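Reviewing the structure listed below.
The values are calculated or read from the model by the stated rules, or taken from the named source; none is laboratory data. The shown structure was predicted, so the numbers you read here are calculated from the model rather than taken from an experiment. Backbone-built Cβ (ideal geometry, glycine too); neighbour counts: all protein chains shown. For the accessible areas, the whole protein counts, side chains as well, though only heavy atoms, and no ligand, DNA or RNA atoms are used. Shrake-Rupley method; radii C 1.70, N 1.55, O 1.52, S 1.80 Å.
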Amino acid sequence: QVQLVESGGGLVQPGGSLRLSCAASGSIFSIRVMGWYRQAPGNERELVARITSTGSTNYADSVKGRFTISRDNAKNTVYLEMTSLKPEDTAVYYCNAYVQERLSGPTYRYWGQGTQVTVSS
């Protein structure tokens, strides 16, 4: 089993910044992709950003130029640096990881418990 633990959410004013962290632990051989999703009330969960083990990244158009995703493979940790935050960024942010638990084994998708980000004056 694998656990993903997020931290770093909170309340911030428009234009402010926050940094989210997500650490994976448990039975991990490799993590192919790590990412962040978000879900606002009444909306579907949507991709914010993701990063592969080699550092390739993808971003939602709504966050390009404002958010930066990075990862520390040695620590099995992914980060999301969020700047120029807007009220529409308010949501629960979920960490996501595709984990291979053993050599040549299958890849499983895991989710964190979510962390609330609120952008409001």
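Data table
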quantity	calculated
Given (1) touching a residue at least 40 places away in the same chain (Cβ under 8 Å); (2) among the β-branched types (Val, Ile, Thr); (3) open to solvent by 50 Å² or more (accessible area, probe 1.4 Å), index of the condition THR57 fails	(1)
Among (1) open to solvent by 40 Å² or more (accessible area, probe 1.4 Å); (2) among the aliphatic types (A, V, I, L, M); (3) under 26 Å from VAL12 (Cα atoms) - the single one LEU103 does not satisfy	(3)
Residues of the range 4-33 classified as touching a Phe, Trp or Tyr at 6+ places or on another chain (Cβ under 8 Å) and not in a loop (DSSP other than H, G, I, E, B), total	10
Residue satisfying condition, being touching a strand residue (DSSP E or B) at 6+ places or on another chain (Cβ under 6 Å) and either surrounded by 15 or more Cβ atoms within 10 Å (Cβ to Cβ) or closer than 21 Å to VAL12 by Cα (or both), within set GLY65, GLY112	GLY112
Qualifying position, being of a type in the set (Lys, Arg), in contact with a Pro (Cβ under 7 Å, 6 or more places away or on another chain) and over 25 Å from GLU101 (Cα atoms), among LYS64, LYS86	LYS86
Meets criteria (touching a Phe, Trp or Tyr at 6+ places or on another chain (Cβ under 7 Å) and under 11 Å from TRP36 (Cβ atoms)) for ALA60	no
Residue identified as at pLDDT below 95 and polar (S, T, N, Q) among SER84, SER53	SER53
Among the candidates GLU46, GLU6, residue that is open to solvent by 60 Å² or more (accessible area, probe 1.4 Å) and either touching a residue at least 12 places away in the same chain (Cβ under 8 Å) or in contact with an Asp or Glu (Cβ under 9 Å, 6 or more places away or on another chain) (or both)	GLU46
